[in-house]
1. I want the antiparallel fraction of DSSP beta bridges within the chain, as a percent rounded to 5.
2. Expressed as a whole number of Å, what is the distance separating the alpha-carbon centroids of the range 12-75 and the range 81-98?
3. Most fluctuating residue of Q13, Q103, Q39 in a GNM of the chain with Cα springs under 10 Å: which is it?
4. Between beta-carbons, use under 14 Å as the cut-off and find the net charge around A40, counting Lys and Arg +1, Asp and Glu -1.
5. Can you give me the relative contact order of the chain as a percent, contacts being Cα pairs under 8 Å and 6 or more apart?
6. Between S53 and S84, what is the label-point separation in nm under the 7 Å Cα-to-beta-carbon projection?
7. Stretch S25-K64 to full length: gain in nm at 0.36 nm per residue minus the Cα-Cα span?
8. Pop the C-beta distance of S7 and Q44 into the FRET formula with R0 = 22 Å and round what comes out to the nearest 0.05.
Amino acid sequence: QVQLVESGGGLVQAGGSLRLSCAASGIRFSFYPMGWYRQAPGRQRELVASITSGDTTNYIDSVKGRFTVSRDNAKNTVYLQMNSLKPEDTAVYYCNTHVWARQYWGQGTQVTVSS
């Protein structure tokens, strides 16, 4: 079965950096798009960054220039490098992919940015 396992979350001060990782298993990783979502308390889950099988990337406006999504197909892993973190980036971050009609999610990793 498909499994996504995240790591790299934590507590950081404003202006700091974190790198999130998501290791995938059970799929031909290189064939599928990957996305990073986040959900803050009381807010809807939102797509933060995505990367296609062809390495095309997209970002929500609020993180452009600060976050970078990348993938290492040999390691079946997608990354989210987060720089210049702001308190409003505080959320649970989730890794996601979809295979036809099915969606798959990681367990989520907490990112907390203090001011």
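The values are calculated or read from the model by the stated rules, or taken from the named source; none is laboratory data. The model shown is predicted, which means the values in this text are computed figures rather than measured ones. Ideal geometry is used to build each Cβ from the backbone, glycine not excepted, and the neighbour counts take in all protein chains shown. For the accessible areas, the whole protein counts, side chains as well, though only heavy atoms, and no ligand, DNA or RNA atoms are used. Shrake-Rupley method; radii C 1.70, N 1.55, O 1.52, S 1.80 Å.
1. On the way: 38 of 42 bridges.
In the chain, approximately 90 percent of DSSP beta bridges are antiparallel ones.
2. Going from one Cα centre to the other spans 8 Å.
3. The residue that fluctuates most here is Q103.
4. Working: positive: R38, R43, R45, K86; negative: E46, E88, D89.
Spelling it out: positives minus negatives among the neighbours equals +1.
5. Numbers: 275 pairs, mean separation 41.0, N = 115.
The value is 36 percent.
6. It works out to 3.4 nm between the two label points.
7. Values: separation 39, 0.36 × 39 = 14.04 nm, distance 2.87 nm.
Working it through step by step, the gained length comes to 11.2 nm.
8. Working: r = 24 Å, r/R0 = 1.11.
Step by step, r from the Cβ atoms, then E = 0.35.
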